[in-house]
1. Every residue in the range 135-160 that is under 16 Å from L183 (Cβ atoms) and open to solvent by less than 10 Å² (accessible area, probe 1.4 Å), please.
2. Return yes or no: is L40 at pLDDT 95 or above and under 16 Å from A271 (Cα atoms)?
3. Would it be correct to say that P214 is modelled with pLDDT under 95, open to solvent by 10 Å² or more (accessible area, probe 1.4 Å) and assigned to a strand (DSSP E or B)?
4. Do we have S261 as at pLDDT below 95 and open to solvent by 50 Å² or more (accessible area, probe 1.4 Å) here?
5. Inspect all residues belonging to the range 82-96 and state whether any of them is among the basic types (K, R), touching a residue at least 24 places away in the same chain (Cβ under 8 Å) and closer than 30 Å to V303 by Cβ.
6. Residues that are under 30 Å from L163 (Cα atoms), at least 3 per element: which helices (runs of 4 or more DSSP H) completely within the range 1-116 meet that?
7. Looking only at the range 2-17, which residues are farther than 22 Å from G217 by Cβ and either open to solvent by 40 Å² or more (accessible area, probe 1.4 Å) or hydroxyl-bearing (S, T, Y) (or both)?
8. With respect to E46, determine if the residue is among the charged types (D, E, K, R), open to solvent by 70 Å² or more (accessible area, probe 1.4 Å), at pLDDT 95 or above and out of contact with any Pro (no Cβ under 7 Å at 6 or more places or on another chain).
Amino acid sequence: MKKVELPIIDIASLTSEGDRKQTVSDELIEAFEETGFAVLVGHGVEKNRLFEMRELLVRVFNVPNSVKEELSISRDNYRGYIPFGFFSPNEQKNFSTKKPDLYEGFKLHWECPKEHPVKDECVLYGSNKWVSQIDDMKEILLSYWKECDSLTFTLLSHLAVALGVEPSIILDFFNEPLTNMTLLHYPVSSSKSENSGIHPHKDISAITILHPDPLGGLEIRTRKGEWLEILCPPEALLVNIGDFMEVWSGGRFISTPHRVSNRNQRSRYSAPYFSVPRHSTLVKPLVKYENSFKHREILVGEVSTEVWRTNWPDENPSESGYQLGAIN
């Protein structure tokens, strides 16, 4: 597998009015137009927070299996523990032939206030589950989540300006969001022929934020169809465009297929944060861009619910026509 280093962009000046602001904005836009991925430093998330999160991931997945299983997801609650090898790709294939993804996970969504009326509007709203044996799990995760929110709003604002769109138009879609995070553990492969990982897919998000595991294993597919492993410095965050931003931009910013493969003899951990608008948002092109992009519209709550439903191994996609992330 060929390994590549994407240009490192220091975005600290995006929140100031210095001479570098326009240059950095241009670099960011170019990255999202060319590959859909950007390696960012100066992102505002403290280095200690990143490594606090990494240490937390190990603790979460090291609790006894009996504890994790008590917190398992269910068909009516997309929060909690995802057993190893349970989820399968969202693709139109007989469930008996689906090959599961080889990871275990822990799913969290935006922490919806208990009495908030939006809870009655979409089944994906609710309260998260927490591992009671890890006293600081909630504090660490929500602090990191808040910092990811802040970075998201900075990036969305600059992407909107680049599109000629008033930033508030996009930012207002993120009131009562369906933003979510998946804690992931890819164990050591049990055989040389089968690597743990996640199938090739595109993100159903506006943007995704990730602190990559130093072991590597994240691969993106170029426009020419070549798979490349992305290298990332330990203090950097990797940010990529998801399907919602691709649609808003009329295809100017690309949602790039990617996958994960753990070929190492050590466990791999990550915690991707997916920024997702309010459930009632109808995502459609905000601008017209001269390319081959095919017009489409996405109702956020509907597609998010369908992605969740079809992750279950005995479910196939409906005839909605939505792209659910999985690619051939």
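The values are calculated or read from the model by the stated rules, or taken from the named source; none is laboratory data. Model, not experiment: these values are computed from the prediction. Cβ atoms come from the backbone with ideal geometry, glycine included; neighbour counts cover every protein chain shown. SASA here: full protein model, heavy atoms, side chains in, ligands and nucleic acids out. Shrake-Rupley method; radii C 1.70, N 1.55, O 1.52, S 1.80 Å.
1. Hits for the range 135-160 are M137, I140, L141, Y144, C148.
2. Working: at pLDDT 95 or above: yes; under 16 Å from A271 (Cα atoms): no.
The answer is no for L40.
3. Answer is no for this residue.
4. Numbers: at pLDDT below 95: yes; open to solvent by 50 Å² or more (accessible area, probe 1.4 Å): no.
Answer is no for this residue.
5. Going residue by residue through the range 82-96, those that are among the basic types (K, R) are 93.
Still in the list and also touching a residue at least 24 places away in the same chain (Cβ under 8 Å): 93.
Remaining after also requiring closer than 30 Å to V303 by Cβ: 93.
Yes, there is a match, as at least one residue in the range 82-96 is among the basic types (K, R), touching a residue at least 24 places away in the same chain (Cβ under 8 Å) and closer than 30 Å to V303 by Cβ.
6. Details: elements: 21-34, 47-62, 65-70.
Where helices (runs of 4 or more DSSP H) fall fully within the range 1-116 and carry at least 3 residues being under 30 Å from L163 (Cα atoms), they are 21-34.
7. Residues satisfying the conditions are D10, A12, S13, T15, S16, E17.
8. Numbers: among the charged types (D, E, K, R): yes; open to solvent by 70 Å² or more (accessible area, probe 1.4 Å): yes; at pLDDT 95 or above: no; out of contact with any Pro (no Cβ under 7 Å at 6 or more places or on another chain): yes.
Considered against the rule, which asks whether it is among the charged types (D, E, K, R), open to solvent by 70 Å² or more (accessible area, probe 1.4 Å), at pLDDT 95 or above and out of contact with any Pro (no Cβ under 7 Å at 6 or more places or on another chain), E46 comes out as no.
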